[in-house]
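Data block below; observations after.
The values are calculated or read from the model by the stated rules, or taken from the named source; none is laboratory data. Predicted model, so just to flag it, every value in this text is computed and none were measured. Glycine gets a Cβ as well: all are built from the backbone with ideal geometry, and neighbour counts include every protein chain shown. Just so you know, the surface numbers come from the protein's heavy atoms only, side chains and all, with ligands and any DNA or RNA stripped out. Shrake-Rupley method; radii C 1.70, N 1.55, O 1.52, S 1.80 Å.
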Amino acid sequence: IFQNNRKDVEFLSYKFALNKSRFFNTTFIEIGNTFANTEGVTIWDTDGIVFQNCLFKGKDREGIYTYDAGVSILNDNKFENNMTGVVTTATYPMSSKVQIGSGSTTENKFTSNGYAHIFASQTAGLIGDYSLDIINNNFTGGIYGIIVDGTSNFRIAGNLLTTVGWGGTGVHNTGVNSLFNQNLIGCNTYKNCSTNGINAWGNNKEMQFLGNDFQMNNGHDFILGQSSSSTDKGTIRSIQGESNNSAGNCFTDPGPQNDIFAPQNVTNTFKYYFQGGEPPLNCDPEPLTPGNYTKQAVLQSLPPIDCNQYGGLPQGLQYPTAGDLNIRRTTLHQLAPSIATNEYALNQYYKTLQEKDAILRHLLKQALEAGQYSTAEDLLLGEQSKAAEWAVFGLRMEQKDYTNAAVWLNQLPIQNNDDATFRDIQLINLQRLQNLGSFQLSATQDSFLTLVAESSSPIRGYAQSILALLKDRRFYPDNIASGEGYIIPEQPSLMEKSIQTGTTIRVFPVPANTLLTVIWPSLPVESDARILVYDILGQQQIDEPIASNETHQMLETGELPIGVYFLIISDRGKPLYQTNFSIQR
């Protein structure tokens with residue numbers, strides 16, 4: 001029993017491939033309020049730890065918190081009355097797998113955790129059929145059930161969620177720059193949840209919701225909406241189910257107020273296949289709420305979805321080869337021109353895509369377990385995608401090959417602001433990992449990471465994880481019941497903040513391209529002020545004098561690379577005003 005500790009157990013980076021620590025029948029508990037901000041187990045950069053038959057109870061923060069680590073939470077673990085049951089995060093694209101529950105063990109039980117039962121951020125690994133597997137768990141009470149934020153490959157299946165408050169399962173921008181497209185929320189039961197069953201915000205490319213049983217009080221069974229992070233519309237797979245097999249969800253009865261909510265102006269349309277004919281007993285298979293989707297009745301001619309097998313290798317292909325992978329890649333290329341107009345081609349495309357992803361994951365797992373990293377990199381680069389290039393960077397970070405990771409990072413193409421933000425976050429991360437004994441965030445780096453972490457960026461999770469690891473800070477995801485922004489204490493905007501109380505500095509346009517206008521309050525006649533611009537590594541990029549009667553200037557920014565910058569107006573070395581801006585082209 002670990003009782004009334006500030007932190008019960010902490011694992012630091014482990015030099016061997018796997019940590020073989022096992023926790024059986026172990027209790028992690030806080031009784032009363034002995035310490036503030038109590039935590040159960042934190043795990044950093046250490047794979048292989050297993051929890052079975054353990055109790056985590058009464059923690060002010062998390063029962064289990066992981067950074068860049070794979071973990072297995074299996075067989076009758078209990079998380080009760082913590083702020084959050086399990087949090088899993090990453091500081092770079094990791095390859096490890098997080099397993100919470102399985103189809104072959106006794107269910108884990110999550111009860112009355114104050115904020116969320118599970119919060120997973122940036123879980124886009126390469127090992128196993130899914131990087132994040134949340135299977136066969138029981139969730140009761142709490143504000144949120146399961147939240148997945150940022151680029152992720154997940155299967156959430158076979159769970160029971162009862163009387164969860166604002167949302168049973170929420171996913172946010174999980175498809176942004178995702179290498180593996182097959183994400184599933186399936187075969188779950190949503191019972192008496194107060195607001196919504198499944199909430200999908202932003203780009204959740206190719207995600208399916210299949211075989212779920214909705215027994216809701218009010219709200220909607222499934223809601224798709226626009227992300228607060230961008231103008232990207234809410235997106236899931238363009239077909240739910242197949243032309244010869246239904247999606248298999250059972251919607252709440254009565255349906256018109258409670259099934260699918262997909263507003264026209266903030267979502268991309270999709271097609272929903274439902275079982276026609278006489279409805280099955282205790283199941284309403286047809287969604288009735290009007291929305292930005294079409295629907296088609298089909299015969300349930302194939303077996304119902306098996307969520308335990310979803311995303312697995314094609315039948316008869318137990319030992320796939322690189323040749324099998326290339327056949328699928330070629331087929332996808334051939335089908336792509338027809339999928340917009342040919343329903344048969346679209347169904348074949350998704351079937352082939354699922355097979356391709358399964359084969360690629362299988363081959364990657366083989367290569368990584370054998371230590372054949374060059375083979376793994378070749379497999380990834382065969383995808384010819386940005387997501388694969390980020391995964392190669394992650395592999396080099398995981399091998400602690402920081403020199404070659406930096407070389408790879410600096411030659412990645414910068415096509416938009418997310419690319420630049422990723423590069424700048426990882427430049428800081430490389431400094432941290434190369435100087436573990438002495439590294440401290442500079443004020444500039446801290447400000448930049450905070451700016452990203454508190455934004456709605458789809459890759460904010462990397463910044464959040466670094467700040468949690470180095471500064472012990474905690475971040476909460478969007479309100480998944482409404483799609484609105486962060487639930488964090490109010491604080492001054494980092495985009496317009498002054499060191500002098502009651503005065504501000506303004507910069508526009510943001511993001512800038514070739515010119516940036518800077519406006520500031522009047523300065524004293526005797527001032528000797530300058531405009532200074534720094535990149536996130538603290539390197540000075542601009543130094544311009546300010547005449548005492550000036551209150552604005554236009555800066556040439558055409559030579560600055562895409563990224564985030566810090567602008568300071570200083571008088572004789574003393575900062576007067578500061579703000580942030582970004583460059584995007």
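Worth a mention:
- Compared with the dominant Cα axis of the chain, that is its longest principal axis, helix 343-369 is turned about 70°.
- 29 Å Cα-Cα threshold exceeded, pairs from 57/97; 59/205; 109/471: 59/205; 109/471
- Distribution of pairwise C-alpha distances over the range 15-134, 10 Å bins, in %: 15, 47, 33, 6, 0
- Spacing of the two label points (7 Å from each Cα toward its C-beta) at residue 366 and residue 435, in nm: 4.3 nm
- Compared with the dominant Cα axis of the chain, that is its longest principal axis, helix 386-398 is turned about 80°.
- For residue 444, the shell of other residues with beta-carbons less than 13 Å away shows a net charge of -3, using +1 for Lys and Arg and -1 for Asp and Glu.
- Both radii were evaluated on the Cα set of the range 336-446; the Rg over Rh quotient, with Rh as the Kirkwood radius, amounts to 1.10.
- Considering only beta bridges that DSSP places wholly inside the range 155-283, some 5 percent are antiparallel.
- The range 293-365: relative contact order as a whole-number percent, Cα under 8 Å and 6+ apart: 39 percent
- With the highest mean first, a sort of the peptides 153-159, 515-521, 361-367 on other beta-carbon atoms found within 10 angstrom per residue produces 153-159, 361-367, 515-521.
- Within-13-Å neighbourhood charge of residue 275 [Cβ basis; K, R +1; D, E -1]: -3
- Measuring from each cysteine beta-carbon in the chain, the ones with no other cysteine beta-carbon under 4.7 angstrom are 54, 193.
- The angle between the Cα long axis of helix 322-335 and the longest principal axis of the Cα atoms of the chain comes to about 90 degrees, rounded to the nearest 10.
- Helical contribution to [θ] at 222 nm, DSSP H n ≥ 4, -39,500 (n - 2.57), averaged over the chain, rounded to 500: -6000 deg cm²/dmol
- Solvent-accessible area of residue 554 with every protein chain in place, 1.4 Å probe, in Å² to the nearest 10: 120 Å²
- Using equal-weight Cα scatterers in the Debye expression, the normalised intensity of the range 108-165 in log10 at q = 0.20, 0.27 Å⁻¹ is -0.72, -1.07.
- Note on the range 1-137: with charges restricted to the Cβ of Lys and Arg (+1) and Asp and Glu (-1), its dipole about the Cα centre is near 200 debye.
- Across the protein chains, with a 1.4 Å probe defining accessible surface, the residues 92, 476 rank 476, 92 from largest area downward.
- Positive contributions from Lys and Arg (+1) and negative ones from Asp and Glu (-1), summed over other residues with Cβ under 12 Å from the Cβ of residue 80, come out at +3.
- Between amide H atoms placed 1.01 Å from N, distances below 5 Å from residue 284 occur with 251, all of them 5 or more places distant or on a separate chain.
- Taking the three principal axes of the alpha carbon atoms in the range 537-585, the coordinate ranges are 33, 21, 15 Å, sorted in descending order.
- DSSP-assigned coil residues among GluC sites (Glu not before Pro) in the range 287-376, each with at most 14 further Cβ atoms within 10 Å: none
- Inverse mean reciprocal Cα-Cα distance (Kirkwood Rh) of the range 197-322, Å: 15.5 Å
- Sorted largest first, the principal axis extents computed over the alpha-carbon atoms of the chain equal 85, 61, 51 Å.
- Distance-filtered residues of the range 441-468 - backbone nitrogen under 15 Å, label point 7 angstrom along residue 513 Cα→Cβ: none
- For the chain, share of DSSP beta bridges that run antiparallel, in % to the nearest 5: 25 percent
- Taking the range 7-134 and dividing mean pair separation by its residue count, relative contact order in percent (alpha carbons under 8 Å, at least six apart): 21 percent
- Computed on the range 112-208, with alpha-carbon pairs under 8 angstrom and 6+ residues apart, the relative contact order is 27 percent.
- nm² value of the averaged projected area, convex hull over the Cα atoms of the range 161-214: 3.5 nm²
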